[in-house]
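Structure record follows, encoded as structure tokens.
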Amino acid sequence: MSAQILDGKAFAATIRAKVADHVSRLMADHDIQPGLAVVLVGEDPASEVYVRNKGIATRECGMKSVEHKLPAETSAEDLYALIDSLNADPSIHGILVQFPVPDHLSERDIVARIDPAKDVDGLSVVNAGLLASGQQAMASCTPLGCLMLLRDTLGDLSGKDAVIIGRSNLVGKPMAQLLLRDSCTVTIAHSRTKDLAETVRRADIVVAAVGRPQMVPGDWIKPGATVIDVGINRIPAPEKGEGKTRLVGDVDFDSAKEVAGHITPVPGGVGPLTIACLLANTVTAACRINGLDEPE
Ligand code: NDP
């Protein structure tokens, strides 16, 4: 029997609707409009599209959206001065600096400059440490989206065997912490893992966050497992015409869907959840900063 395909686009829309609802209540009851500031340094075309989409989604939820576009040659001092002013601005609850930044700037130092309470990307060592020690943290948006989708699909995750392939600070590690917090038995696999196939075969939940096209075949998947494919890889698609490409995940979708119980497609699975969770994190930050109950 074929797996149920998890519709990330539809699920992201439900997250955004809940965010919009919470925003209107914050405005009506407390006169607080959550605000998200996005900073872009340089003119990377892909980043410009991401920033524009984030701005549109933010405004559509009724939040304040501020975009700062700085020239590529902006000095670290000038960028930090802007971050400091956003840290101090009471109308801004979330700050995101779009990566990558030009080489003369340090992503680590930029993240460290953002007030952890406004670090809605959840990338700072403070938020990573809070999450790892089981305290209230701002969690990285993509793994948070995966967790919300898993809860929505499976309900209680307690006791499930979860295997995460990939150990990046952006996806793999925070995913592991979030699933551990939900009482999964968590294994983190990576490029040095011995017998990855056997490791993955044990999993009730597989999260693939590697960046290698279709590396997880269907015969690695335990029958009925839930497969979350975070990977986004562009491969040649000669069937669409010369020089054409298409997006695929880290999982071989066609073979995996014959075995899995649930699976996310690429595109249209995890991808849309990231911006939705960025909006959700901004509302959460606005509530915490103002000492109010936060969304569930
Ligand atoms: P990184 O390159 O930072 O990390 C990749 C991880 O995969 C590393 O931990 C690496 O192991 C591991 N890995 C590499 N090769 C193998 C292998 N052969 N077997 C097992 N593990 C391996 O990537 P990210 O975590 O940033 O991103 C992963 C993927 O997710 C990418 O395709 C990216 O585009 C996508 N992505 C999608 C997002 C979205 O949907 N919105 C958001 C963020 C990422 P080691 O540490 O040992 O080198």
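The values are calculated or read from the model by the stated rules, or taken from the named source; none is laboratory data. Quantities reported herein were computed from a predicted structural model and do not represent experimental measurements. Glycine gets a Cβ as well: all are built from the backbone with ideal geometry, and neighbour counts include every protein chain shown.
Overview of results
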item	result
Yes/no for Leu247 being surrounded by fewer than 24 Cβ atoms within 10 Å (Cβ to Cβ) and more than 22 Å from Gly145 (Cβ to Cβ)	no
Extreme residue, nearest to the ligand (Cβ to nearest atom), among residues of the range 172-188 that are over 12 Å from Leu147 (Cα atoms) and of a type in the set (A, V, I, L, M, F, W, C)	Ile188
Residue in the range 161-180 that is part of a loop (DSSP other than H, G, I, E, B), at pLDDT 95 or above and over 17 Å from the mean Cα position of the chain (by Cα) present	no
Hits in the range 143-171 (condition: within 11 Å of the ligand (Cβ to nearest atom) and surrounded by fewer than 23 Cβ atoms within 10 Å (Cβ to Cβ))	Arg167, Ser168, Asn169, Leu170
Residue match in the range 50-73 (condition: more than 18 Å from the chain's Cα centre (by Cα), polar (S, T, N, Q) and on the phi < 0 side of the Ramachandran plot)	yes
Helices (runs of 4 or more DSSP H) fully within the range 189-296 counting 1 or more residues that are away from the ligand (no atom under 11 Å from the Cβ) and within 30 Å of Met1 (Cα to Cα)	196-201, 253-256
Close pairs (9 angstrom Cβ cut-off, 6 or more residues apart or separate chains): on the phi > 0 side of the Ramachandran plot in the range 154-174, assigned to a loop (DSSP other than H, G, I, E, B) and crowded, with 18+ Cβ neighbours inside 10 Å anywhere	Gly159/Cys184; Gly159/Asp204; Gly166/Ala209; Gly166/Val210; Gly166/Val230; Gly166/Gly231; Gly166/Asp250
Cβ pairs under 7 Å, 6+ apart, first in the range 272-296 and in contact (Cβ under 8 Å) with a residue 12 or more places away in the chain, second of a type in the set (Phe, Trp, Tyr)	Leu273/Phe11
